[in-house]
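Since every read-out is calculated from the coordinates, none of them should be taken as a lab result. Keep in mind the model is a prediction, meaning the values are calculated, not measured. Cβ placement follows ideal geometry from the backbone for every residue including glycine, while neighbour counts extend to all protein chains displayed.
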Amino acid sequence: MSNPITSASSSSTTGGGIRVRTPGIPIKCWCGECIKELISKTNLNPYRRYYRCRYAAQKKLENDNHIFKWVDEAFTDEIQQLDYQVRMLEEEVQVLKATIRSEGPKIMKGG
Ligand SMILES: [Zn+2]
């Protein structure tokens, strides 16, 4: 049996300075503020959507620890999480199927 946790451990680092990494789509910043969806206007990432802490966005903070996450990356995270969950469920189903088969069908014949 292969372990999906140890086999899939490719880590990619995008951007720098932000230590807080939230898996999937962020709902709230650690500071308690809500998350805003904004559109990047930099030459590097024109019109790319991103999630940002409302407080940090209002104060126009830079190089801070508040939530910043690309929307496309958040969605990829969500899909990867779902994909992992589906694979776990599939494995469970296979185990259940094998157990049912080994036990054989229980046919109730009268009583
Ligand atoms: Zn914040």
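What does the charge count around Val93 come to, taking other residues whose C-beta lies under 15 Å from its C-beta (Lys +1, Arg +1, Asp -1, Glu -1)?
So the environment of Val93 carries a net charge of 0.
To the nearest 0.05, what FRET efficiency results for Lys60 and Thr99 with a Förster distance of 41 Å applied to their C-beta separation?
It comes to 0.10.
For the range 25-103, what is the number of Lys pairs with C-alpha distance below 29 angstrom, counting only pairs 8 or more positions apart or on separate chains?
For the range 25-103, the number of qualifying lysine pairs is 13.
Positive end of the dipole of the range 25-103, charges at C-beta (+1 Lys, Arg; -1 Asp, Glu), about the Cα centre: which of Ile39, Pro26, Leu82 has its Cα farthest in that direction?
Final value for the positive-end residue is Ile39.
Given the peptides 82-94, 41-53, 58-70, arrange them by the average over their residues of other C-beta atoms within 10 Å, most packed first.
Most protected by this proxy first, the peptides run 58-70, 41-53, 82-94.
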